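Asker: Supplied in structure tokens, the structure appears directly below.
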Amino acid sequence: MTPIKGQFPERPPTLAEALYQGKEIGNKPENADEILNKLGISSNDSNNNNNNKSKEIVNTDKKITRQPVIQKNSFIDSPIPQETETKIDAKYILPEQCEGVINLQMDYIFIRKSKMINYILRSRVFTSLLFGIISMISYYQIGDYFTDYTFSKGYWEGIKKLFMNSYFTDDLFKLVFLILIIIASSFTLLRYITSFLQEEGKSVPNNLNKYFPVDLKEYAALTNIEKNFNKLNKNDKEIVKNIKDLTYSIVYRDTPVAFLSLKRDGKNIEIIGYGVRRVYIKAELLKDLLSMFFKDHVINEKKVGEIEKITVKIYNFEKEDINLFKRAGFYKIKGENIGFITSTILGVTLDTYEFDIDSIEF
């Protein structure tokens, strides 16, 4: 065909392009492999690439991602639904309760923050410091107005004379404004001092091993652990075993309301996590959880001698929990400072309590 003026014929394909195009449409020459080898191109490259892609697809199909089981709502911010059956159950944490106990732990840390704020507000150091600052500013701002001459005709006449003085009312307004700033600054300081507990509460889902003996994200993906226990792999069986041995949970109306978790290191056990729904703190559900733990690990004749030490760390402002642990047989062995302002000035410490195993008569 004669090319039209202004147009150029298409470039003919190279030998290699023709061969590869031929392979794609299925009309590869008989000596194509020989030609490709002479050109330095492996005839197996394309096949290998296709095979590798096929293998990758197959492997992807075989990859299994386990999803967590449907979780029980902990209803932290709302009442427990009354339509559910009135039933109380106490055992280890179940897979469907993982989200609930995590929320309980987070909420209990936030309760701890509120207790710390109340403790600091009532402390002698804080109240004395706040009262001293306000007194000094008040004396500096309006102290000069309170003289014998002002009250020479009586107390009420002196007060009346003061409020009729425009200079006094201006300085009094400034004083009130300064006091409000001091109070606001004090609460800002309290928020800063207790911010570590706020951050700790928020970080619980990312640090589950700090509060539980196993990773609850892995445990929450297991279903029917009692029925399917023998079908689980070695790692999953170990997770289930640790949960059964080292966690306790109280469930009311199908909702987790309290839990206790432990960490074991040889013959030593540490209580690393516990939480109680706010409305049930006064009911001392934590005491019931400790009783379950003691029954299984302390006074169980089959396990005598397996435990030498039980410890728990509590802040010194958690008076209710401290009294409960003391009644259970724990005693303070040491206190840790958590910061210069927090501990040295305000007196907040993280105390370690230990249970006296030798006091138990088997």
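Asker: Across the stretch 244-268, which residue is surrounded by the most Cβ atoms within 10 Å (Cβ to Cβ) among those that are assigned to a strand (DSSP E or B), in contact with a Pro (Cβ under 9 Å, 6 or more places away or on another chain) and in contact (Cβ under 8 Å) with a residue 60 or more places away in the chain?
Answerer: Ser261
Asker: Within the bounds of the stretch 320-330, is there any residue that is under 22 Å from Ile109 (Cα atoms), part of a strand (DSSP E or B) and more than 23 Å from the chain's Cα centre (by Cα)?
Answerer: Yes, that holds for at least one residue.
Asker: Continuing with the same structure: Please identify the pairs in which a residue from the stretch 333-345 that is touching a residue at least 12 places away in the same chain (Cβ under 8 Å) has its Cβ atom under 6 Å from the Cβ atom of a residue that is surrounded by 12 or more Cβ atoms within 10 Å (Cβ to Cβ) and of a type outside the set (S, T, N, Q), counting only partners at least 6 apart or on another chain.
Answerer: Pairs found: Ile333/Glu354; Gly335/Asp351; Glu336/Leu350; Ile338/Leu350; Thr342/Ile193; Thr342/Val348.
Asker: Does the stretch 86-102 hold any residues that are part of a loop (DSSP other than H, G, I, E, B) and farther than 11 Å from Ser261 by Cβ, and which are they?
Answerer: The answer is Thr86, Lys87, Leu94.
Asker: Please verify whether the stretch 132-154 includes one or more residues that are among the acidic types (Asp, Glu), modelled with pLDDT under 95 and either in contact with a Lys or Arg (Cβ under 8 Å, 6 or more places away or on another chain) or not assigned by TED's automatic domain parsing to the domain that holds Asp245 (or both).
Answerer: Yes, there is a match, as at least one residue in the stretch 132-154 is among the acidic types (Asp, Glu), modelled with pLDDT under 95 and either in contact with a Lys or Arg (Cβ under 8 Å, 6 or more places away or on another chain) or not assigned by TED's automatic domain parsing to the domain that holds Asp245 (or both).
Asker: Yes or no: Thr344 in the same structural domain as Gly266 (by TED's automatic domain parsing), of a type in the set (S, T, N, Q) and in a helix (DSSP H, G or I)?
Answerer: Spelling it out, Thr344 is indeed in the same structural domain as Gly266 (by TED's automatic domain parsing), of a type in the set (S, T, N, Q) and in a helix (DSSP H, G or I).
Asker: Please indicate, with yes or no, whether at least one residue in the stretch 298-316 is farther than 29 Å from Ser203 by Cβ, of a type in the set (Ser, Thr, Tyr) and surrounded by fewer than 18 Cβ atoms within 10 Å (Cβ to Cβ).
Answerer: The answer is no, given that none of the residues of the stretch 298-316 is farther than 29 Å from Ser203 by Cβ, of a type in the set (Ser, Thr, Tyr) and surrounded by fewer than 18 Cβ atoms within 10 Å (Cβ to Cβ).
Asker: While we're looking at this one, here's another question. Taking only pairs six or more apart or across chains, which ones have beta-carbon atoms under 7 Å, a first residue in the stretch 269-296 that is surrounded by 22 or more Cβ atoms within 10 Å (Cβ to Cβ), and a second residue that is part of a helix (DSSP H, G or I) and among the hydroxyl-bearing types (Ser, Thr, Tyr)?
Answerer: Final answer for the pair search is Gly275/Tyr108; Val276/Tyr108.
Asker: Only residues that are loosely packed, with under 10 Cβ neighbours inside 10 Å, of a type in the set (Asp, Glu) and within 22 Å of Asp170 (Cβ to Cβ): list them for the stretch 132-157, please.
Answerer: none
Asker: Follow-up. Which condition from (1) surrounded by fewer than 16 Cβ atoms within 10 Å (Cβ to Cβ); (2) part of a helix (DSSP H, G or I); (3) of a type outside the set (Ser, Thr, Tyr) is the one that Leu190 breaks?
Answerer: (1) is the only condition that Leu190 fails.
Asker: Still on this structure: Pick out the one residue from Leu172, Leu216, Leu190, Leu197 that is at pLDDT 95 or above and either outside the structural domain of Ile111 (by TED's automatic domain parsing) or touching a Phe, Trp or Tyr at 6+ places or on another chain (Cβ under 9 Å) (or both).
Answerer: Values: Leu172 fails: at pLDDT 95 or above; Leu216 fails: at pLDDT 95 or above; Leu190 fails: at pLDDT 95 or above.
So the residue among Leu172, Leu216, Leu190, Leu197 that is at pLDDT 95 or above and either outside the structural domain of Ile111 (by TED's automatic domain parsing) or touching a Phe, Trp or Tyr at 6+ places or on another chain (Cβ under 9 Å) (or both) is Leu197.
Asker: Only residues that are buried (at least 16 other Cβ atoms within 10 Å of the Cβ), in contact (Cβ under 8 Å) with a residue 24 or more places away in the chain and in a helix (DSSP H, G or I): list them for the stretch 212-243, please.
Answerer: Selection gives Leu216, Tyr219, Ile239, Asn242, Ile243.
The values are calculated or read from the model by the stated rules, or taken from the named source; none is laboratory data. Predicted model, so just to flag it, every value in this text is computed and none were measured. When we count neighbours, we look across all protein chains shown, and the Cβ atoms used for this are built from the backbone with ideal geometry, even at glycine.
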